[in-house]
Each structure stands twice: as structure tokens, then as C-alpha cells.
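A quick write-up on the structure given underneath.
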Amino acid sequence: MTGEESLRPQSLMLTFLGDQVLGRDVCVYSGSVIDVFARAGIGEQATRSTLTRMVNRGLLRRQREGRRMYFGLTGRSAAVLRDGEHRIWRTGAVNRHWDGTWTLLGFSLPESWQRQRHDLRSQLTWSGFGPLFNGLWIAPGEVDVSALVAELGLSAHVKVFRAHADAGMDIGQMIEETWELSDLAGRYEAFVRRWQPWEGDLPDADDALVLRLRLQTEWLRIVRRDPRLPVKHLPDDWPAEQAEKTFRAVHDRLSPLAREASERLLDLVPERPQA
């Protein structure tokens, strides 16, 4: 399965809205979205159902103008998009400035709480943690998990500490035992293989808009899965830096054409205050 095939319509939609709507106080016409997504190989019915689901989940708001329906952001979706923007452009894929701090999270749940255990592990993995031992998870840096734990209703069953490794501990070996480095490296390497050719090629403007949409969505998916382990304790040939250079180079190359296409293809209106 290629990265393109596996990108979900909602992920592409969030990237599209982050590009075209976030911070601009505008709403976009549903027909414009359908047109752009058709160029990405996503049918009208799938696009419409994605828009409807996102409205129902509080991620989009509707605004009618005459006979046309426009869609804008909610506070919730704007927060998700700002977080993604920060992750791509400010946090980055390479952690060069780690201060030696780890966040340790220990938990003890009743045997019968299989669903709660699964949910907690899933959320911890998403937040950059790896399993040091069965009930003890670890993440680089200072990670605030209080909201995550409270939302799962597990505050009474979780203990969180900040820690530094003992001088004699092999951090590199601990990292290899705790995280699936080969899987993460493979994602970065596949990204470079897929996108590096576009550092030299130029598509037409309409294709550039869709390509940049796919590029950003795929890159964000990779970096969100990356726990940002300290680079000085990773293998010397760690591929994140090359992948990030490829992402930025292709993004810069596609952006002028993508902007030209969006100005021509998108019908945007000012966002009205909701009643």
C-alpha cells in the first residue's frame, strides 16, 4: 500500500483546511472542496460524507450563502490544525536540543480493565511514549499527560515522574529496546523515495495543489508517530533529517503553483459570527 492510497479523506480535509482556511476567517464552498478532492482521486460522495461527519464531530461549521453551502472551522478544529502546524514547522522531525529529561508514567489497572488498558497504551504511544516495562512507560522531554489521563478517567491509577538516566546507563540500547526504530526509519526512507523526484520536477498548477495536499498530510502523519527521540542517541544514519529536507524542498517547489491554483479554484466567503 502506498502512502497516497492509505491517506484518509478526513486527514486530507484537515490539511486542506489548514492550508486554505486557518487564520483567515473565511469559509470554503463545498463545490470547491469536491473539485479539489476529485483531483486527488476522492469521489463526490466520499467528500460529502467526510464533510458531514466532521460537522457532526464538531470539527466543521456550516454557513449558507444563497443556495450554496460553505464550511468553516470550529474552535476544536482550529486547535487541531494549529497543533499540526506547530509540529511540522516549529518542532520538526529532529530532536537536537534534548536536555536529558525523561517523563516516566507508571500505571496499575485491574485485570478486567482490558479496554481501559488498550486506550491508555494507544494514547501514550500517540504522545511519544514507549513501554520501558509492562506498567512503566517513558518519553523524552517533559510531556504533560494530565489532560489525557483525566479524559480516560484514570487519574487515580497513574503516577507521573520526571527523571534523568544514571550515568552508566546505555540510553541508545534502551531506546532500541523500547521503540520500533526500524519501522519509523522505514517510514522516513519511503517518504524520501516517494517525494525526492519532485525536488526537480514541476507539475501543472492544479496537480501541484493536490500534490502539496498529499505531501503535507503524509509528512504530518509520519512526524506525529515519531516520539522525537534525542538524535545523539539514534543510529548515525537516522533518516529523519534527509526526509525533512525533502519535505521542505518539495513544499517550497510546489507552493507557488499551488497558491495559483487555489486562487483560481476556490470560492471563499468571509466567516459570519454564529448565532
When the helices in the chain are scored as -39500 (n - 2.57) per DSSP H run of 4 or longer and the sum is shared across all residues, what 222 nm value do you end up with, to the nearest 500 deg cm²/dmol? -16000 deg cm²/dmol
Which residues' amide hydrogens lie under 5 Å from the amide hydrogen of Leu132, considering only partners 5 or more residues apart or on another chain, with H built in the peptide plane? Trp137, Ile138
Neighbour-limited loop hits for GluC sites (Glu not before Pro), segment 171-275 (at most 15 other Cβ within 10 Å; DSSP other than H, G, I, E, B): Glu180
Contact order relative to length for segment 121-166, counting C-alpha pairs under 8 Å separated by 6 or more residues, stands in percent at 23 percent
³J(HN,Hα), Karplus 6.51/-1.76/1.60, whole Hz, each residue of segment 66-80, x for Gly, Pro: x, 9, 9, 9, 10, 10, x, 7, 9, x, 5, 5, 4, 5, 4
For Cα pairs less than 8 Å apart in space and 6+ apart in sequence, what is the mean separation divided by the residue count of segment 87-174, i.e. the relative contact order in percent? 41 percent
Under Karplus coefficients 6.51, -1.76 and 1.60, residue-wise ³J(HN,Hα) of segment 255-269 in Hz, glycine/proline x: 4, x, 5, 5, 5, 4, 5, 5, 5, 7, 9, 9, 9, 10, 10
Pairwise over distinct Cα atoms, reciprocal of the mean inverse distance: report the Kirkwood radius of segment 145-206 in Å, one decimal place. 16.6 Å
P(r) of segment 166-275 over all Cα-Cα pairs, binned every 5 Å from zero, in whole percent: 2, 10, 18, 16, 13, 11, 9, 8, 6, 4, 2, 1, 0
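What number do you get for the chain when its Cα radius of gyration is normalised by 2.2 N^0.38 Å, N = residues?
1.13
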Beta carbons within 10 angstrom, averaged per residue: use that to sort the peptides 59-68, 31-40, highest first. 31-40, 59-68
The set of residues whose placed amide H lies less than 5 Å from the amide H of Glu65, leaving out same-chain residues fewer than 5 positions away, is Tyr70
Once Rh for segment 3-78 is found with the Kirkwood sum over Cα pairs, what is the Stokes-Einstein diffusion coefficient at 25 °C and 0.890 mPa s, in µm²/s? 196 µm²/s
Relative contact order (percent, whole number), the chain, Cα cutoff 8 Å, 6+ residue spacing: 27 percent
In whole angstrom, note down how far apart the Cα centers of segment 1-68 and segment 237-275 are. 15 Å
Of the accessible area of the chain, computed with a 1.4 Å probe and all protein chains kept, carbon and sulfur make up a percent value of 48 percent
Using a 1.4 Å probe, what is the accessible area per residue for segment 135-267, in Å²? 52 Å²
In sequence order, what are the phi-derived ³J(HN,Hα) couplings for segment 232-237 according to the Karplus relation 6.51 cos²θ - 1.76 cosθ + 1.60 with θ = phi - 60°, rounded to whole Hz, with x for glycine and proline? 5, 10, 9, x, 4, 9
10 Å binning of all Cα-Cα separations within segment 86-223, expressed as whole percents from 0 upward: 9, 33, 29, 18, 9, 2
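The values are calculated or read from the model by the stated rules, or taken from the named source; none is laboratory data. Please read these numbers as outputs of a predicted model, since none were measured by experiment. When we count neighbours, we look across all protein chains shown, and the Cβ atoms used for this are built from the backbone with ideal geometry, even at glycine. Keep in mind that these areas ignore ligands, DNA and RNA; they rest on the heavy atoms of the full protein, side chains included. Shrake-Rupley method; radii C 1.70, N 1.55, O 1.52, S 1.80 Å.
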